[in-house]
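To start, the structure itself, in structure tokens.
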Amino acid sequence: MEQAPPEFDLIAQLWAPLTRGAPWAYGLKDDVAYLPSSPVGHVVTCDQVIEGTHFLSSDPLNWVAKRLVRRNLSDLIAKGCKPVGAFLTLAWPKSRPNALVADFADGLGQDLADLCGDCPLLGGDTSSTTGPLVASLALIGRGLSVTGAPILRSGARSGDLVYLTGIIGDAYLGLQVRMGQMDGQGLAGAVAFAMAPAPPPLMVADVIATYARASIDISDGLLADAGHVAEASHLAMHLNLEQVPLSAEAITFVARSPNQVESLLSLVTGGDDYQALMCIAPDEAAAFVSALETIGVRVTQIGVCQEGQGIVLNHSGSSVALPARTGWQFSGV
């Protein structure tokens, strides 16, 4: 069996450079990191990727790391926050060559730099396992709102307009192709997106912090996550399926389907889109849209909040029954 490099050599070679010289990381030579005090506190999110659940064993490890960063970053962006530090826990399978840890570290470092505004790695742990590869990342964020508090699910009000950044459904389509459950002809872009779905740019966090009353990232599925906002805000969210923004590939997929409503439902329940759904007061909508368009971000109104409860789904003026499965749900251990 390949001899693993000494732990402190691994830290020095792969992880310490990702601190980007942040003095409060202590070069990863101590057991703790120090977060500079903030008058408005910090916001924390933590998510993981598990081999066989969130990625395929054959996936390039630099993209596995990027997927991990983006799962967490989309949460912070949707809450109107900017990353200021990261903590990584990595369980590395003994069956994988140790040299490939460098590929994982490379992808992690690229996204922490390019997507997270040079966010430093402040600590964590690396160990070996006889099981699958498991990696967990905690991102520490700073709220960008006036109060410094995150934009929660619970602030929407009746009359608010519901907006969505980016596009929905490519992660689902790409995964179906990669799993051999769908013909990949004409879906190369969706397959590439499914490898490591990209959240909106970090600048969107400032816009959300300024204008959004409620916000959530779309990770479990558009219908499921919209339902979380409706439940937390004690209102009904009326959504129009035909207004959900799709890529050219997804539009073609829907157009070729014998049942277009069913195909749209598969896209809005697939998950891993990593876009932001936001509830905006009507009198702020024009300024909100302008702010996003100024930084080159696509934004689409897909519905409105009203008195009531749950998700009310429509397509071209006709009511659509909610599917039994609105998105991904944890099924227990």
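Please report the relative contact order for the chain, taking Cα pairs under 8 Å with a sequence separation of at least 6, and give it as a percent rounded to a whole number. Walk me through the numbers on the way to the answer.
Numbers: 720 pairs, mean separation 71.8, N = 333.
Once normalised by length, the contact order is 22 percent.
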Find out how many positive minus negative residues lie around residue 84, taking Lys and Arg as positive, Asp and Glu as negative, among other residues whose Cβ is under 13 Å from that of residue 84. +2
Cα convex hull of the stretch 135-261: how many Å³ per residue? 138 Å³
Under 15 Å by backbone N from the virtual spin label 7 Å along Cα-to-Cβ at residue 42, the residues of the stretch 101-136 are 119-125
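Quick one: accessible area per residue over the stretch 11-119, 1.4 Å probe, rounded to a whole number of Å²? If you can, show how the numbers build up before the last one.
On the way: 4800 Å² over 109 residues.
Heavy-atom SASA per residue in the stretch 11-119 reads 44 Å².
Can you tell me how much longer the chain between residue 321 and residue 102 gets when fully stretched, taken as 0.36 nm per residue apart minus their C-alpha distance, in nm with one decimal?
Details: separation 219, 0.36 × 219 = 78.84 nm, distance 4.81 nm.
Extra length from residue 321 to residue 102 when fully extended: 74.0 nm.
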Would you mind pulling out the separation of the Cα centroids of the stretch 265-315 and the stretch 186-251, in Å? 7 Å
The stretch 1-159: antiparallel bridges as % of DSSP beta bridges, rounded to 5, reads 65 percent
Gain in length, residue 234 to residue 128, computed as 0.36 nm per residue apart minus the alpha-carbon separation, to one decimal in nm? 33.6 nm
Rank by packing, highest mean first: peptides 218-225, 178-185, 303-310, with packing defined as the count of other Cβ atoms within 10 Å averaged across residues. 218-225, 303-310, 178-185
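Under the classification rounded if a/c is under 1.5, otherwise prolate if a/b is larger than b/c and oblate if not, where does the stretch 7-135 fall, given a ≥ b ≥ c as square roots of the Cα gyration tensor eigenvalues?
Working: a/c = 1.98, a/b = 1.33, b/c = 1.49.
Oblate.
Give the value in nm², to one decimal: projected area of the alpha carbon convex hull of the chain, averaged over all directions. All intermediate terms of the calculation are to be shown ahead of the outcome.
Values: hull surface 72.2 nm².
Projected over every direction and averaged, the Cα hull of the chain covers 18.0 nm².
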Rounded to the nearest 500, what is the chain's calculated 222 nm mean residue ellipticity when only DSSP H runs of at least 4 contribute -39500 (n - 2.57) each, over all residues? -9000 deg cm²/dmol
Taking R0 as 22 Å and r as the Cβ-Cβ distance between residue 210 and residue 158, the FRET efficiency 1/(1 + (r/R0)^6), rounded to the nearest 0.05, comes to 0.55
Kirkwood Rh in Å, taken over the stretch 125-205 so that all alpha-carbon pairs contribute: 16.9 Å
Report the label-to-label distance for residue 32 and residue 50 in nanometres (one decimal), using points 7 Å from each Cα along the Cα→Cβ vector. 3.1 nm
Where does the charge balance sit around residue 45 when Lys and Arg score +1, Asp and Glu -1, over other residues with C-beta under 14 Å from its C-beta? +3
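Counting only other residues whose beta carbon sits under 15 Å from that of residue 153, what net charge do I get with K and R as +1, D and E as -1?
On the way: positive: 79, 157, 213; negative: 75, 160, 217, 220, 225, 231.
Charge balance in the 15 Å sphere: -3.
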Between residue 295 and residue 251, 0.36 nm times their residue separation minus their Cα-Cα distance comes to what? 13.3 nm
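For a protection proxy built on the mean count of beta-carbon atoms within 10 angstrom, sort 36-48, 196-208 highest first, please. Kindly include the intermediate steps, with their values, before the conclusion.
Working: 36-48: 14.4, 196-208: 22.2.
Top of the packing list down: 196-208, 36-48.
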Disulfide-incompatible cysteines by the Cβ rule (no partner under 4.7 Å) in the chain: 46, 81, 279, 305
Distances longer than 18 Å among the Cα atoms of the stretch 266-333: what percent of all pairs is that? 57 percent
Beta bridges by DSSP in the chain, antiparallel share as percent, to the nearest 5: 75 percent
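The values are calculated or read from the model by the stated rules, or taken from the named source; none is laboratory data. Source: prediction; values computed, not measured. Cβ sites come from the backbone with ideal geometry, for glycine too, and all protein chains shown count toward neighbours. Please note that ligands, DNA and RNA were not included when accessible areas were found on the heavy atoms of the full protein model with its side chains. Shrake-Rupley method; radii C 1.70, N 1.55, O 1.52, S 1.80 Å.
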